[in-house]
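Data block below; observations after.
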Amino acid sequence: MLEVRGLHVSYGRIPALHGIDLEVPGSELVALVGANGAGKTTLLRALSGVQPSTGAVVFDGKDLQARSAEERVALGIVQCPEGRQVFGPLSVLDNLRLGAYRRGGVDSARTLERVYELFPSLAERRHGAAGNLSGGQQQILAIGRALMAQPRLLLLDEPSMGLAPRLVAEIFACIRDLRAAGIPMLLVEQNASAALAIADRGFVLEAGRVVLAGSGAALLADRGVREAYLGL
């Protein structure tokens, strides 16, 4: 589904990513873990086309490096951003509709019903202001908004950030449901143990480089990963 080879990103003269190589096979959940500043969000921004990069990014056989962020969304790469970034004064329904904007309304009604089936709480609050939702509900709304674009690859950036433990469990249950639905995902998450526990495979980033890769279970059991990122 997605193949990245030799991806480099710099902010001015400061390098942020140093030749990243990774793959996201179809229908798999791939976790990307690492400390703050490791380059996880930068990588997602590069894949989305909002951060200039060099190297090869191939999605479903198509070279993306010359394609804009808008074109990448049209091809099916959709990012759910860090910090939720919902439109607070707008209703839940209008936030969801904005997710389908690029599609021009094609099949949006059916997609909306599917989102409501996945997240009944959004259906119940559809006419309320998004800004009145709890942090966990806003995160679910952000994921629902991304699903409205009918992603073929969903990029999730720190979905559990700032949430209480009970809400974190709810968000990861939601991610498991998406995985069961067959949606390929690249998950960036500081809660490494929770991310690797549900991931088919994972990559560990350190200072802009991939330092470890393997199945989610293998990385979760790796002594170095447990000591460095899981506090065990």
Which one is farthest from Glu3 (Cα to Cα), of the residues in the stretch 28-41 that are β-branched (Val, Ile, Thr) and crowded, with 21+ Cβ neighbours inside 10 Å?
-> Val33
Cross-chain or 6+ apart pairs with Cβ under 7 Å, the stretch 180-206 first and at positive phi, then among the acidic types (Asp, Glu) = none
All helices (runs of 4 or more DSSP H) inside the stretch 32-144 with 2 or more residues being touching an Asp or Glu at 6+ places or on another chain (Cβ under 8 Å) = 40-48
Taking Leu64 as the residue in question, decide whether it is farther than 30 Å from Gly19 by Cβ, hydrophobic (A, V, I, L, M, F, W, C) and surrounded by 13 or more Cβ atoms within 10 Å (Cβ to Cβ).
-> no
Might you check whether a residue that is more than 21 Å from the chain's Cα centre (by Cα), of a type in the set (A, V, I, L, M) and exposed (fewer than 14 other Cβ atoms within 10 Å of the Cβ) occurs anywhere in the stretch 100-119?
-> yes
Pairs only if they're at least six apart or on different chains, beta carbon under 8 angstrom, first in the stretch 113-130 and closer than 19 Å to Ala149 by Cα and without any contact (Cβ under 8 Å) to a residue 40 or more places away in the chain, second buried (at least 16 other Cβ atoms within 10 Å of the Cβ) and among the aromatic types (Phe, Trp, Tyr); list them, first residue then second.
-> Leu122/Tyr116; Ala123/Tyr116; Arg126/Tyr116
Could you tell me whether the stretch 5-24 includes any residue that is in a strand (DSSP E or B), small (Gly, Ala, Ser), touching a Leu at 6+ places or on another chain (Cβ under 6 Å) and over 22 Å from Ala180 (Cα atoms)?
-> no
Pairs where the first residue, in the stretch 135-146, is closer than 15 Å to Val78 by Cβ and the second is of a type in the set (S, T, N, Q) and surrounded by 23 or more Cβ atoms within 10 Å (Cβ to Cβ), C-beta under 9 Å, 6+ apart = Leu141/Asn95; Ala142/Asn95; Gly144/Asn95; Arg145/Asn95; Ala146/Gln79
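Just so you know, all these numbers are worked out from the coordinates, no wet-lab data involved. Bear in mind that the values here come from a model prediction, so they are computed numbers and not experimental data. Every residue, glycine as well, gets a Cβ built from its backbone with ideal geometry; the counts of neighbours run over all protein chains shown.
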